[in-house]
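Written out below as structure tokens is the structure these notes cover.
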Amino acid sequence: MSLMSIDRRRFLKNAAMLAIAGNNPALFAAEEPVRIRKIIPSSGEKLAVVGMGTSRTFINPDDAAFQQQLLEVLRIFFSNGGQLLDSSPMYGPAESIVGQLLPKLDNAGDLFAATKVWTRGEQAGIEQMRESMRKMSVPVMDLMQIHNLKDWQTHLKTLREWKEQGKIRYLGVTTSHGRFHSELIDIMRKEPLDFVQLSYNIMDREAEQVLLPMAQDKGIATLINRPYQRGELFSRSRGKPLPAVAEELHCTSWGQLYLKWILGHPAATCVIPASSKPKHTRDNMGAGFAELPDQTQRKQILQAFNSL
């Protein structure tokens, strides 16, 4: 059986799925829509392939109208099969906003909470992680990551202890900068990790050289950040017709196609686009249904992108 699996729960019961049907009618040609999930290698747990980041989007805590908009974003995310919500102390008020909004939802039962430690020193790291869990209203953090490898030797020791004590379920390290790739590769070779987070998209394919193959070889799950190259991909494809392969994959937008291209890589576990707009969130979530591209279809998507 492949790493990809399907979960049929809840979709017919949830009226919010009608929104996806509007964007992707082909998904409802069968009796039920399907959600794509992949396996976390270190545990065998299945995880929805489209998550959500909070960098530069979960902001303006004093703007009531904007917070209501973010609440709708989260409702759409969870109603459409979302699980992994990724944050960090580096993202300003994002953790606190998440913690304020989650209790207002009645559909966040599948939450997979992820955040990071981003400081130096053992005690400072412990205090920051405790504060992050308090801010996010999460008694047990599903995934705690060391942000951009900052003082990783110190924090990795703490994370291992916390995992043994049941304070966290998974541990990992992250990078969003190419200059850290060589150090990340060295850590992946030497240290047992559950997750790594890295940048990868159809324009920035450096991770294909070593990082993704190593993650696959070592049994490390991957979170993929910057899937749209911070919006740069849309500047190339805006207004351009979708290639024929999009219909095969039930994609109705370039955004969905970009996400499915990433997730078609066998080492890509979960992609975490960030958005503060309900429309964009609904579109992102559409990439988590139906099927993922095989290698031939990925090549076709890449050829279509290169021809833009």
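Coordinate-derived values only; no laboratory data. A quick note: this is a predicted structure, and the numbers were derived from the prediction, not measured. Positions of Cβ are backbone-derived with ideal geometry, glycine not excepted, and every protein chain shown enters the neighbour counts.
Miscellaneous remarks
- Residue list for the stretch 135-159, restricted to those being basic (K, R) and under 22 Å from the mean Cα position of the chain (by Cα): K135, K150
- Selected residue (only one of L159, L193, L171 is surrounded by 21 or more Cβ atoms within 10 Å (Cβ to Cβ), among the hydrophobic types (A, V, I, L, M, F, W, C), in a helix (DSSP H, G or I) and in contact with a strand residue (DSSP E or B) (Cβ under 9 Å, 6 or more places away or on another chain)): L159
- Set L242, L184: member being touching a Ser or Thr at 6+ places or on another chain (Cβ under 8 Å) and part of a loop (DSSP other than H, G, I, E, B): L242
- All positions within the stretch 98-153 that are farther than 26 Å from A64 by Cα and among the hydrophobic types (A, V, I, L, M, F, W, C): V117, W118, A124, I126, M129, V140, M141, L143, M144, I146, L149, W152
- Selected residue (criterion: farthest from L198 (Cα to Cα)) from residues of the stretch 41-78 that are surrounded by fewer than 21 Cβ atoms within 10 Å (Cβ to Cβ) and either touching a His at 6+ places or on another chain (Cβ under 8 Å) or of a type in the set (S, T, N, Q) (or both): Q68
- Pick from the stretch 114-124, criterion within 19 Å of F195 (Cα to Cα) and of a type outside the set (D, E, K, R), ranking: surrounded by the fewest Cβ atoms within 10 Å (Cβ to Cβ): W118
- For the stretch 249-257, the count of residues that are part of a loop (DSSP other than H, G, I, E, B) and without any contact (Cβ under 8 Å) to a residue 24 or more places away in the chain is zero.
- Every test in (1) under 19 Å from Y91 (Cβ atoms); (2) surrounded by fewer than 22 Cβ atoms within 10 Å (Cβ to Cβ) is passed by H181 save one, and that test is (1).
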